[in-house]
1. With the structure loaded, tell me whether Ile50 is part of a strand (DSSP E or B), modelled with pLDDT of 95 or more and within 12 Å of the ligand (Cβ to nearest atom) or whether it fails that test.
2. For Tyr32, state whether it is near the ligand (Cβ under 8 Å from one of its atoms), among the hydroxyl-bearing types (Ser, Thr, Tyr) and either assigned to a helix (DSSP H, G or I) or open to solvent by less than 50 Å² (accessible area, probe 1.4 Å) (or both).
3. Can you spot a residue in segment 9-20 that is at positive phi, in contact (Cβ under 8 Å) with a residue 24 or more places away in the chain and open to solvent by 20 Å² or more (accessible area, probe 1.4 Å)?
4. Can you tell me which residue within segment 53-76, out of those that are near the ligand (Cβ under 8 Å from one of its atoms) and part of a loop (DSSP other than H, G, I, E, B), is surrounded by the fewest Cβ atoms within 10 Å (Cβ to Cβ)?
5. Evaluate the following for Thr35: is it in contact (Cβ under 8 Å) with a residue 12 or more places away in the chain and farther than 19 Å from Arg88 by Cα?
Amino acid sequence: MTDIVYYRTEEILKNDGKSAEKTWIIFKNCVYDVTDFLAKDEHPGGIDLILEYGGKCATKAFNDVGHSEDAKNMLAKYKIGEVAQEDRKIGIAKDKASDGEVNKLTRSCLSRITCGFLN
Ligand code: HEM
């Protein structure tokens, strides 16, 4: 089993797709490097919508659109790690839409790995 990589707020924020080449977004306390997805230019909602959340939490925006399971599966492929525990309730990582979701004790191991995508 691969160890989970935890990222600090400071590092996530840097990868905003503007000041850095990489675009990372946070979804449900997990970190996704969506640089390659953006390079493909295949997002039906356009690149700019995603870039707006570069380095930040996109959970609410992503959920509000009502993305399909296909979209969630697509996103899952870009996961690179999780937000560090100590940063989950502060700053850009503050994630009201999914507070503590990754670590809910009632979740199965599988759901932790998939970041809740399967339930
Ligand atoms: C990298 C993460 C994302 C992936 C993989 C993704 C994927 C998709 C996919 C596959 C669709 C087609 C409809 C569907 O299957 O649900 C879609 C539509 C859409 N997405 Fe995303 N999306 C992402 C992030 C976002 C974000 C952060 C926003 C911000 C609001 C957004 C806004 C939209 C909108 C508005 C549509 C509808 C476009 C239309 O119908 O014209 N997406 N997305």
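The values are calculated or read from the model by the stated rules, or taken from the named source; none is laboratory data. Remember, predicted model here, so these are calculated numbers, not experimental data. Every residue, glycine as well, gets a Cβ built from its backbone with ideal geometry; the counts of neighbours run over all protein chains shown. Note: accessible area is taken over every heavy atom of the protein model, side chains too, but ligands, DNA and RNA are not part of it. Shrake-Rupley method; radii C 1.70, N 1.55, O 1.52, S 1.80 Å.
1. Values: part of a strand (DSSP E or B): no; modelled with pLDDT of 95 or more: yes; within 12 Å of the ligand (Cβ to nearest atom): yes.
Here the answer is no, as Ile50 does not meet what is asked.
2. Details: near the ligand (Cβ under 8 Å from one of its atoms): yes; among the hydroxyl-bearing types (Ser, Thr, Tyr): yes; either assigned to a helix (DSSP H, G or I) or open to solvent by less than 50 Å² (accessible area, probe 1.4 Å) (or both): yes.
Answer is yes for this residue.
3. In the first step, residues of segment 9-20 are kept if they are at positive phi; the result is 17.
Those still in the list that are in contact (Cβ under 8 Å) with a residue 24 or more places away in the chain too: 17.
Narrowing the set further to residues that are open to solvent by 20 Å² or more (accessible area, probe 1.4 Å) leaves 17.
Taking every residue of segment 9-20 in turn, at least one turns out to be at positive phi, in contact (Cβ under 8 Å) with a residue 24 or more places away in the chain and open to solvent by 20 Å² or more (accessible area, probe 1.4 Å).
4. Residue satisfying both the conditions and the ranking: Gly66.
5. Working: in contact (Cβ under 8 Å) with a residue 12 or more places away in the chain: yes; farther than 19 Å from Arg88 by Cα: yes.
Yes; evaluated as a whole, the condition is true for this residue.
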